[in-house]
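Take a look at the structure below.
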Amino acid sequence: MLTAPVPGESPRRARPEPTTEAKEIMQPSERAISTTEPRASASSPPFLPALLLLFVGSGAAALIYQVVWFQLLSLIIGSSAISLGVLLATFMGGMCIGSIALPRFIPRARHPLMVYAALEGGIALFGLLILAGLPWIGGLYTAIGGGGWVGFTTRAIVSAICLLPPTILMGATLPAIARWVEATPKGVSWLGFFYAGNIGGAVFGCLLAGFYLLRVHDMTVATLAAAGLNILVAVVGALLASRTAYAGERAIGEAAPVGIPPGSWPVLVAIGLSGLTALGAEVIWTRVLSLMLGGTVYTFSLILAAFLLGLGIGSGAGSFLARTLENPRTALGWCQLLLVAGFAWAAYSLTQALPFWPVNPSLASDAVFTFQLDFVRALWTVLPGAVLWGASFPLALAAVAGRDQDPARLVGVVYASNTLGAIVGSLVAALLLIGTIGTQSAQRLLIAVAALSALLLLVPQLMQGGKLVIRADGWIRGAAAIALAILLGASVAPVPGILVAYGRFTPGWLGYEGDIFYVGEGTHASLAVSRTTTGALNYHSAGKVQASSEPQDMRLQRLLGHLTTLIPDDPSSVMVIGLGAGVTAGSVSIDPAVQKVTIVELERLVPEVVSTYFSEHNFGVVDNPKVEVIVDDARHFLLTTDETFDAITSDPFDPWVKGAATLYTAEFFDLLKRRLNPGGVVTLFVQLYEAGLAAVKSEIATFVEAFPNATVWANTLQGQGYDLVLMGQVEPTRVDLAELDARLLRPEYTPVRNSLVEVGYYPVDYLFATYAGDGPDLTEWLSDAEVTRDRNLRLQYLAGRDLNLRQQDLTYRQIMSYATFPDDLFIGDPERIARLERQAMGK
């Protein structure tokens, strides 16, 4: 082992060239590891355990950045599948470029530890630059972004500007440090340990970001924490480099490295397919697990942590095996074949076992206990497959390693192959497979890919000189692999309709779920439609009832729609955020003053479903000629359009659903104000059920910051709190009761009048008797509220902890205890207004 030279001594000389006689008696395997090239080490280089710890820190920082960058850029380019796919492809593509580029552009003579330290310092610098430069980048995208191929290209450019520089450096770290070890079984095993340590750090970073840094602080603090870790790693790496001589600085020079051995292409293809199945499975399993556990930001952190933990365990185990196995290529093949069983296990767990565990999350006294059980269920599902994927990487390194190789090139090629496969797998699964063939067929397809990967390694055998031959036992192994894949693929069941409909509360609905007669899986969401025993229709998304034809839900949806069009003087152009069952949009569309309705819906499948099953309740809104349905993220649409509206109504996903908080921030409400015409109105649905006090306060306080005189309107159920509608205008709100009476009596307003009658809101006094306060009334109550902003997305963390609570009436009673009836909101007969006050305040 080469250590720092003692002062006064010369560095150790290179091993002399073997004699001709010695060469002649060498076995082929011995010749492969013989070299005339001087080495940095004849045994293990120093500080390898310390470097393992540095990779832990590096991995933690990388996952914090990934979470933060995705949230930051999603605010600009949107949260649609296209946007997230572009972000993911750019992130992983940068790492792939870095792994390939480093050995080509950084000479072997450079001290590996100094190169590694410089890379970590560069990552910290770019992390800070992205945070500081994001406003400029956002302005650039807003100016030129849009839809279609132009919008797609612009998204890619913005993502590349932000993500490629730091991710290229991230991808180069493992190849850089690879030059500190030899391309021998022992050296390759250390690379596997570094990889495992990096993943272990990533688990910590994922949980730290999701459960502390972003929940308690914001994206600025999280970025500073990640940059601090990078700087610490860079400083320690530089100190270690200064204490250790590197023979390459004097002797290696620019000697041409030995390439990947002949016959290695099956290994590279197999590790690429392994990456494809890994990321494809992660996308699919996350979709189903989020139904089961609830699609909160915490759920996604737990699923990712479980997946990374399995990868880390597997990588560590594979690294141990790489030291001793005589044929790592075959071991890699068996890993791929066992993945077929891993897929079958996960499919069985997700569709036939875990959904029916007797778990009622609302019984937990604290969300922490639910998170613990959720993590166990995530591990139960993903661990077998993740361990096998983790073991595959060090085994692939060992399968193509040779002593005369540049370790950086070895790692770069294998890592790039794996990453390219991962890019394809994640994009194809997220953008294509789930939305077209569903999770059942998608998992069967991935089983076939895993079997193909196994066949590439188990059927042909590698002979001397890199020649691949197929022997009789290879055909037998191939036939067995194909039979296993067919057998286990046939066992994959579809997602149960009851899970799509009722999600985390599935066990409690067994035997009571009614008739679930439609189940569909879209790109962004899984949908279901059911009919209760009383004949009411339910529209299910995100594992819960989102809308229904039940009286309480019809009242809320009509209240939201009709307030939106009856308050403005001229509501000719209206934007609806979130289609749902279409009842709110339908209520808007039947107002004769409305000339154009623009519905922005994220999931392409929703319009088809609601037009088929809910037309009777939503006035056939999807087929209405004055209605345009735009499939996009609402924030992205508003950022990239110049169109303005007379009214905007918003009923997006529940605030606890990951990503929904981007439509509840102060910056988003300011954007709505900028898109309003003079006299325009913004209305917002606020659910009280499945929400804690802190989350409701955050929603109202954030809206009131944008609309200080906002009014609150309540939808009650049997006299108890159920949900709210917030209404805001730039100008003071005034409601002329007599003018509204006259308007609704016109013949063309008959559909609107009938709609109000159906839910008990006509005469309009019953509609306005839902008044429950305004912004000034609630100033004291909201004094401790946390305003949701782009930099913290606080609502998704508050709502994600309390989604199992049933505090709706408690919250409503608190609001009503502060409410007073306004003197200047309503214009009309004083006696009528006094009667209206008694009705509203006596609720």
Original post:
Can you pick out the pairs among LYS544/LYS658; LYS544/LYS596; LYS596/LYS697 whose Cα atoms lie more than 22 Å from each other?
Top reply: LYS544/LYS596; LYS596/LYS697
Subject >> Two-site FRET efficiency, ARG832 against THR436, from Cβ-Cβ distance with R₀ of 35 Å, rounded to 0.05 >> reply: 0.05
Original post:
Over the heavy atoms of ARG531, what accessible area does a 1.4 Å probe trace out, to the nearest 10 Å²?
Top reply: 100 Å²
Original post:
If you take the Cα atoms of the stretch 694-735, find Rg, then find the Kirkwood Rh from the mean of 1/r over all pairs, what is Rg/Rh?
Top reply: 1.03
**OP:** From largest accessible area down, sort ILE157, ILE100, ILE815; use a 1.4 Å probe on the protein chains.
**Re:** ILE157, ILE100, ILE815
Original post:
Please report, for the Cα atoms of the stretch 372-522, the Rg to one decimal and the Dmax as a whole number; what are they, in angstrom?
Top reply: 20.5, 68
Original post:
Given the alpha-carbon gyration tensor of the chain, what are the semi-axes of its equivalent ellipsoid in whole angstrom, ordered largest first, with each equal to the square root of 5 times an eigenvalue?
Top reply: 59, 29, 21
**OP:** For the chain, build the charge dipole from Cβ charges (+1 Lys, Arg; -1 Asp, Glu) around the Cα centre, then report which of HIS636, PHE669, GLN461 sits farthest towards its positive end.
**Re:** GLN461
Original post:
Whose amide H sits under 5 Å from the amide H of ASP632, counting only residues 5 or more places off or on another chain, with H placed in the peptide plane?
Top reply: GLU601, LEU602
Original post:
Once Rh is set to the Kirkwood radius over Cα pairs, what Stokes-Einstein translational diffusion coefficient, in µm²/s, holds for the stretch 321-408 at a temperature of 10 °C and a viscosity of 1.306 mPa s?
Top reply: 101 µm²/s
Original post:
Taking the Cα centre of the chain as origin and charging only Cβ (+1 Lys, Arg; -1 Asp, Glu), how large is the dipole, in debye to the nearest 20?
Top reply: 3600 debye
**OP:** Please report, in whole Å, how far the alpha carbons of the stretch 259-298 spread along each principal axis, starting with the longest.
**Re:** 49, 14, 7
**OP:** Please work out how much accessible surface TYR195 shows to a 1.4 Å probe, ignoring ligands, DNA and RNA, in Å² rounded to 10.
**Re:** 40 Å²
Original post:
How big is D, in µm² s⁻¹, for the stretch 451-571 by Stokes-Einstein at 10 °C and 1.306 mPa s if Rh is the Kirkwood radius over C-alpha pairs?
Top reply: 82 µm²/s
Original post:
For the stretch 102-148, rounded, prolate or oblate, judged on the Cα gyration tensor with a ≥ b ≥ c (square roots of eigenvalues), a/c < 1.5 rounded, else prolate if a/b > b/c?
Top reply: oblate
Subject >> Calculated SAXS-style log₁₀ I(q)/I(0) at q = 0.11, 0.19 Å⁻¹ - the stretch 525-631, Debye, Cα scatterers >> reply: -0.31, -0.90
Subject >> Per-selection Kirkwood Rh - the stretch 395-449 (Cα, Å, 1 d.p.) >> reply: 13.2 Å
**OP:** With the Cα gyration tensor of the stretch 348-461 in hand, convert its eigenvalues to equivalent ellipsoid semi-axes via √(5λ) and list them largest first in whole Å.
**Re:** 35, 19, 14
Original post:
How big is the gap, in Å, between the Cα center of the stretch 112-143 and the Cα center of the stretch 203-245?
Top reply: 14 Å
Original post:
Tell me, what is the per residue accessible area of the chain in Å², probe radius 1.4 Å?
Top reply: 38 Å²
Subject >> Positive-pole candidate from GLN729, LEU52, LEU397, dipole of the chain, charges at beta carbon >> reply: LEU397
Original post:
Roughly how many percent of the accessible protein surface of the chain is carbon and sulfur, given a 1.4 Å probe and a whole-percent answer?
Top reply: 62 percent
Subject >> Normalised convex hull volume, the stretch 711-834, alpha-carbon set, Å³ per residue >> reply: 160 Å³
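The values are calculated or read from the model by the stated rules, or taken from the named source; none is laboratory data. Keep in mind the model is a prediction, meaning the values are calculated, not measured. Note that we place each Cβ from the backbone using ideal geometry, even for glycine, and neighbour counts take in every protein chain shown. Side chains are part of the model used for accessible areas, which takes the heavy atoms of the whole protein and leaves out ligands, DNA and RNA. Shrake-Rupley method; radii C 1.70, N 1.55, O 1.52, S 1.80 Å.
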